Ligand SMILES: Cc1cc2nc3c(=O)[nH]c(=O)nc-3n(C[C@H](O)[C@H](O)[C@H](O)COP(=O)(O)OP(=O)(O)OC[C@H]3O[C@@H](n4cnc5c(N)ncnc54)[C@H](O)[C@@H]3O)c2cc1C
Ligand SMILES: Cc1cc2nc3c(=O)[nH]c(=O)nc-3n(C[C@H](O)[C@H](O)[C@H](O)COP(=O)(O)OP(=O)(O)OC[C@H]3O[C@@H](n4cnc5c(N)ncnc54)[C@H](O)[C@@H]3O)c2cc1C
C-alpha cells in the first residue's frame with residue numbers, strides 16, 4: 001500500500017539546510033514534507049568539525065553568514081537546546097609575517113560586514129593566548145564566532161520542524177523525482193508518494209542526482225575532511241582555532257576532548273567515507289606541533305564525512321534554471337554548517353516571495369556551464 | 001601463486017597459533033601479530049618473561065597440558081613466522097593493516113587475512129559497579145594469574161558463564177576467601193541443560209567438579225539471583241542480591257562479575273565484513289561459514305572473535321580457517337583432515353548450544369538498571385540519558401543514540417558499554433537488541449598515542 005502525501009513544499013534531505021528550511025517554512029505556514037534517506041543530520045551536518053565561523057569566508061558569503069550568526073544566537077528559542085554552542089571566538093593564526101599580512105588584508109576587505117575582527121600580534125598575542133605560546137606570530141580574532149556540537153544541532157532542526165507540524169520521514173530515500181503538471185512527484189520505493197508544488201533540493205553531496213533528474217547536471221565532487229578527537233584533557237583552550245593558509249584546525253569541547261581536523265579521508269562508496277591512515281598520522285603530528293598540550297594524549301576516534309564541493313568552492317543556492325518551483329541549496333564545499341540555517345531561511349523566503357532578502361547572486365547555478 | 005600469498009594473522013591465542021602452524025606446514029611464512037608480549041591468548045596467557053616462575057600446572061590448572069601444547073606449537077614455528085608481539089592492530093584499510101609497536105606505526109598489506117582476535121568480558125551495569133573493588137571475571141583472573149595478586153581478601157562472584165565458577169575456584173585455591181557465588185541462572189534451568197552437555201562429558205565433569213569443590217569448601221552457591229547493589233563508600237563493603245522473594249547480603253571487599261564473553265569484531269567491521277545478529281551470542285557477528293570464510297574474499301575469522309565457542313573450538317577453528325585460506329588460494333589441502341576438523345567443530349557447536357542453555361544471558365537485567373546509574377564510564381552517560389533518546393523517539397538505532405548521547409564514544413569505543421547500551425535502548429523501544437543494530441567500528445580501534453610515528457620517519 002503506497003501512502004500519498006500532498007503538500008506545498010517537499011524537501012529532499014534532512015541535513016542542517018533541509019531541516020532549517022522545513023522549520024522556517026512551517027513558521028510561514030506552508031505545509032512541508034521532508035524526506036531523509038538516513039537519519040536527519042546524520043551525514044555532513046552531524047559529523048562535521050563543529051566550527052561556527054564567519055571569519056575567513058569569501059566576502060560574497062558574509063551577508064548570509066551574518067544572518068546565520070543571528071539565528072545561531074536564537075538556538076535555544078528555536079530548537080529547545082543550546083547544542084553546546086558557544087561564542088568562544090575564532091582565532092586564525094598567522095605563522096609568518098606574510099600570513100599576518102593576509103589576515104590584515106582580510107580584515108580590511110571584510111570591514112562593514114560586522115565581524116569585528118581584531119588583529120593581535122607579538123607580545124600582546126602571547127599574553128592573550130599563552131596556551132598557543134610561540135606557535136604563531138599573531139592572529140586574527142573574531143570574538144563572536146565559536147563552535148557547537150553538530151551531532152546535537154543538526155538533528156534538532158528537523159525535530160523542531162516536526163514539532164511545528166512538518167511531516168518528517170527518516171529512513172525514506174527519494175528514489176525518483178519527476179514533474180506531473182504543476183506538481184512534483186517524489187517516490188520512495190512502493191511505500192510513499194509525495195506530491196508538492198515546490199521542491200527543495202537539499203540533498204547534500206548527493207544533490208546533483210536530483211538536479212540531473214531535471215536536466216541540470218552540475219559539477220559536484222565529494223570530498224572527505226579528516227577528523228580526530230583525543231581523550232578528555234584539562235582545559236587549555238576556549239577559542240576555535242584555524243590557521244591561515246589551511247592545514248590543521250582544532251577546538252576543545254566542554255568535556256575537555258580536543259577535536260582536530262586536517263587532510264582528507266577516502267570514499268568507501270558514494271555514500272560512505274573513512275578516515276585515511278596517512279592523513280590521520282599527519283594530522284596527529286601537525287596537531288601536536290600546534291597544541292603541545294595534547295602531545296601526551298591519545299586519539300580515541302577518527303572520522304570523516306561526505307561533503308559536496310563545487311569548482312569555485314561557493315555553494316549553489318537558488319532557483320533551478322530548467323524547472324519552475326525547484327530550488328537548490330548544496331555544494332557548501334566544507335563550510336555549510338555555520339551558514340546552513342540562514343540558507344534554510346533564504347530558501348523559505350524564495351518559496352514565499354520568489355526572492356530572498358539575502359544576496360544570492362554569487363551562488364546562481366548558471367555560473368557553471370551545463371555539464372553534459 | 002604461492003609466492004604471492006602473504007598471509008597475516010591477528011591474534012596469537014589458540015586460534016591464531018593453530019592457524020599459523022597450518023600455514024607454516026604448507027610452506028608459507030605468515031605474519032602473526034598480537035598486542036600481548038607473549039603468545040597464548042586470553043586463556044593460555046603467559047606471564048611476563050622473567051620473574052614469574054609459577055609452573056604451568058599452577059597457572060592453568062586442568063588446562064595445563066593444552067596450554068603447554070599451544071605454547072610449544074608457537075615455539076616450534078617461531079623462526080618460520082614473522083611474529084610480532086606487543087603490536088596492536090589499530091586499523092584495517094583497503095587491504096592493509098595498521099600496526100603500532102613501541103610508539104611506531106607501520107602498515108602491512110595482507111592476502112589472506114585471518115582474524116583471531118578473541119573476546120573480552122560482557123558486562124551490564126548495576127548499582128555500585130563503578131566502586132573500586134568491582135572487577136570483571138576475566139580481569140580478576142588476569143590479576144590473579146599474571147600480576148600474582150587477588151582483587152580482594154574476601155571476594156564475591158556474580159554473573160553467569162563457566163568463568164564464574166572457574167575463577168571462583170581459582171581464587172579459593174589461591175587462598176582467597178570466597179564470600180559466595182551468585183549465579184543469575186535458576187538451578188532448574190541448569191538442570192534442564194544437563195543432557196545437552198553430555199555431548200562433552202569430560203568438560204561437563206570438569207564443570208560439575210568445580211561446583212562440587214566450591215560447595216565442599218563451604219562456599220555458598222546461589223542460583224537465580226539478580227544484583228541489587230554493591231555497597232560501600234569509596235570501596236566495596238558488601239554485595240546485596242535479590243533471591244526469589246527475598247534478599248541476600250554478604251560482606252566482601254571485592255566483587256568479580258561477568259555475563260559471558262563478547263567477540264572482538266572491530267577489525268572485521270573495518271575490513272568490510274557483513275554482519276548478522278546471532279541470537280545465541282545475543283550480538284551482531286561477522287557472517288562466516290563453518291570454515292571461517294567471511295563475506296570478504298580472502299578474509300577469515302577463527303576462534304572467539306567470530307562468536308564465543310571456547311578455547312578447544314578456537315584451536316580447531318584456527319587450523320580450519322588456515323586450510324580454507326590455502327584451499328581458496330588453490331593450494332592442496334588434506335581432505336581427510338578437513339573433514340575431521342569439520343566434524344569436531346560441529347560437535348563443539350552443539351555443546352556450545354547446551355552450555356548457552358545452562359548459562360543464559362539474563363535478559364531482564366537491563367530493565368532493572370536505575371536511570372541515574374552510570375552506563376558509559378568513559379563519557380559519563382547515565383542509563384536514563386540513553387533510555388530518554390529512545391523513549392522520546394529521537395533514536396531508534398544505536399549509532400544514532402551514540403551521536404546524541406556520546407555513549408560508546410570514549411576510550412573504549414563501546415567495547416565495555418556497547419552490549420549494555422544496546423540492551424537499554426532496545427528495552428526503551430520495546431524491541432529486541434537485534435533491532436537497534438550495532439555500533440560501527442572507527443579507527444583507531446584502541447587509543448593511539450598522538451606521538452605515534454610512522455616507521456619511515458622513526459628509523460634514523
Ligand atoms: C568532516 C566535515 C567537517 C566539516 N566541518 C565544517 C565546519 O567546521 N564548519 C562548517 O561550517 N562546515 C563544515 N563542514 C561542512 C558542513 O558540514 C556541510 O556543508 C553542511 O553540513 C551541509 O549541510 P547539508 O544539509 O547540505 O548536507 P547534509 O548534512 O549532507 O544533508 C544532506 C542529506 O540529504 C540526504 N539525502 C541525500 N540524497 C537523498 C535522497 N535521494 N533521498 C532522501 N534523502 C537524501 C542525506 O542522507 C543527508 O542527510 C564539514 C563537513 C564535513 C564532512
Ligand atoms: C579474560 C579472559 C579469561 C578467560 N579465561 C578462561 C579460562 O580460564 N578458561 C576457559 O576455558 N576460557 C577462558 N576464557 C575464554 C577463552 O579465552 C577463549 O575461549 C579462548 O582463549 C579463545 O581463543 P582465541 O584464540 O579465539 O582468542 P584469544 O585467546 O582471546 O586470543 C586473541 C588474541 O588476539 C589478540 N588481539 C585481539 N585484538 C588485537 C588487535 N587489534 N591487535 C593485536 N592483537 C589483538 C589478543 O591480545 C589475544 O592475545 C577467557 C576469556 C577471557 C576474555
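Residues A:57, A:74: which one is touching a helix residue (DSSP H, G or I) at 6+ places or on another chain (Cβ under 7 Å) and either surrounded by fewer than 24 Cβ atoms within 10 Å (Cβ to Cβ) or farther than 24 Å from residue B:440 by Cα (or both)? Spell out the reasoning first.
Working: A:74 fails: touching a helix residue (DSSP H, G or I) at 6+ places or on another chain (Cβ under 7 Å).
Selected residue: A:57, the only one of A:57, A:74 that is touching a helix residue (DSSP H, G or I) at 6+ places or on another chain (Cβ under 7 Å) and either surrounded by fewer than 24 Cβ atoms within 10 Å (Cβ to Cβ) or farther than 24 Å from residue B:440 by Cα (or both).
For residue A:287, indicate whether it is within 14 Å of chain B (Cβ to nearest Cβ) and assigned to a strand (DSSP E or B).
Numbers: within 14 Å of chain B (Cβ to nearest Cβ): yes; assigned to a strand (DSSP E or B): no.
So residue A:287 does not fit the description; no.
Hey, among B:439, B:404, which residue is without any contact (Cβ under 8 Å) to a residue 60 or more places away in the chain, within 13 Å of another protein chain (Cβ to nearest Cβ), at negative phi and outside any helix (DSSP H, G or I)?
Numbers: B:404 fails: outside any helix (DSSP H, G or I).
Sole residue among the options that is without any contact (Cβ under 8 Å) to a residue 60 or more places away in the chain, within 13 Å of another protein chain (Cβ to nearest Cβ), at negative phi and outside any helix (DSSP H, G or I): B:439.
Based on what the data block shows, is residue A:327 within 21 Å of residue A:359 (Cβ to Cβ), out of contact with any strand residue (DSSP E or B) (no Cβ under 6 Å at 6 or more places or on another chain) and away from chain B (no Cβ under 11 Å)? Walk me through it before giving the result.
Details: within 21 Å of residue A:359 (Cβ to Cβ): yes; out of contact with any strand residue (DSSP E or B) (no Cβ under 6 Å at 6 or more places or on another chain): no; away from chain B (no Cβ under 11 Å): yes.
In short, no.
So if I check each of B:59, B:74, which one is in contact with a helix residue (DSSP H, G or I) (Cβ under 7 Å, 6 or more places away or on another chain), within 30 Å of residue B:333 (Cα to Cα) and in the same structural domain as residue B:16 (by TED's automatic domain parsing)? It would help to see each step written out before you state the result.
Values: B:59 fails: within 30 Å of residue B:333 (Cα to Cα).
Answer to the check: B:74.
Being in contact with a strand residue (DSSP E or B) (Cβ under 9 Å, 6 or more places away or on another chain) and within 14 Å of chain A (Cβ to nearest Cβ) is the filter; apply it to the stretch B:362-387 and report the residue that is surrounded by the most Cβ atoms within 10 Å (Cβ to Cβ).
If we take residues in the stretch B:362-387 being in contact with a strand residue (DSSP E or B) (Cβ under 9 Å, 6 or more places away or on another chain) and within 14 Å of chain A (Cβ to nearest Cβ), then B:376 is surrounded by the most Cβ atoms within 10 Å (Cβ to Cβ).
I'm checking my understanding of the structure. Among residues of the stretch A:162-188 that are more than 14 Å from every other protein chain (Cβ to nearest Cβ) and within 13 Å of ligand 1 (Cβ to nearest atom), which one is farthest from residue B:397 (Cα to Cα)? Lay out the reasoning, then the answer.
Looking only at the stretch A:162-188, we keep the residues that are more than 14 Å from every other protein chain (Cβ to nearest Cβ), and these are A:164-167, A:173-188.
So of that shortlist, the ones also within 13 Å of ligand 1 (Cβ to nearest atom) come out as A:173-177, A:186-188.
Numbers: A:173: 17, A:174: 21, A:175: 23, A:176: 26, A:177: 28, A:186: 26, A:187: 24, A:188: 21 Å.
Checking each candidate, the answer is A:177.
Residues in the stretch B:304-318: is at least one more than 12 Å from ligand 2 (Cβ to nearest atom), in contact (Cβ under 8 Å) with a residue 24 or more places away in the chain and either in a strand (DSSP E or B) or not assigned by TED's automatic domain parsing to the domain that holds residue B:168 (or both)? So that I can check it myself, show each step before the final result.
The initial filter retains those residues of the stretch B:304-318 that are more than 12 Å from ligand 2 (Cβ to nearest atom), namely none.
Looking through the stretch B:304-318, none of the residues is more than 12 Å from ligand 2 (Cβ to nearest atom), in contact (Cβ under 8 Å) with a residue 24 or more places away in the chain and either in a strand (DSSP E or B) or not assigned by TED's automatic domain parsing to the domain that holds residue B:168 (or both).
Among the numbered criteria (1) more than 11 Å from ligand 1 (Cβ to nearest atom); (2) at the interface with chain B (Cβ under 10 Å from one of its Cβ atoms); (3) touching a strand residue (DSSP E or B) at 6+ places or on another chain (Cβ under 9 Å), which single criterion is violated by residue A:320?
The one condition residue A:320 does not meet is (2).
Take the stretch A:146-175 and flag every residue that is in contact with a strand residue (DSSP E or B) (Cβ under 7 Å, 6 or more places away or on another chain) and within 30 Å of residue A:237 (Cβ to Cβ).
If we filter the stretch A:146-175 for residues that are in contact with a strand residue (DSSP E or B) (Cβ under 7 Å, 6 or more places away or on another chain), which is where we start, we get A:146-148, A:158, A:161-162, A:166-169, A:172-175.
Passing the criteria: A:146, A:147, A:148.
Only one of (1) outside the structural domain of residue A:361 (by TED's automatic domain parsing); (2) not in a helix (DSSP H, G or I) fails for residue A:78. Which number is that?
(2)
Of the residues B:398, B:445, B:450, which is facing chain A (nearest Cβ under 8 Å), at pLDDT 95 or above and under 24 Å from residue A:259 (Cα atoms)? Break it down into steps so the answer makes sense when it comes.
Numbers: B:398 fails: facing chain A (nearest Cβ under 8 Å); B:445 fails: facing chain A (nearest Cβ under 8 Å).
Selected residue: B:450, the only one of B:398, B:445, B:450 that is facing chain A (nearest Cβ under 8 Å), at pLDDT 95 or above and under 24 Å from residue A:259 (Cα atoms).
Spot the failing condition for residue B:119; the list is (1) in contact with a helix residue (DSSP H, G or I) (Cβ under 8 Å, 6 or more places away or on another chain); (2) near ligand 2 (Cβ under 9 Å from one of its atoms); (3) over 18 Å from residue B:448 (Cα atoms), and only one is missed.
(1) is the only condition that residue B:119 fails.
The values are calculated or read from the model by the stated rules, or taken from the named source; none is laboratory data. A quick note: this is a predicted structure, and the numbers were derived from the prediction, not measured. Here Cβ is always computed from backbone atoms with ideal geometry, including for glycine, and neighbour counts include all displayed protein chains.
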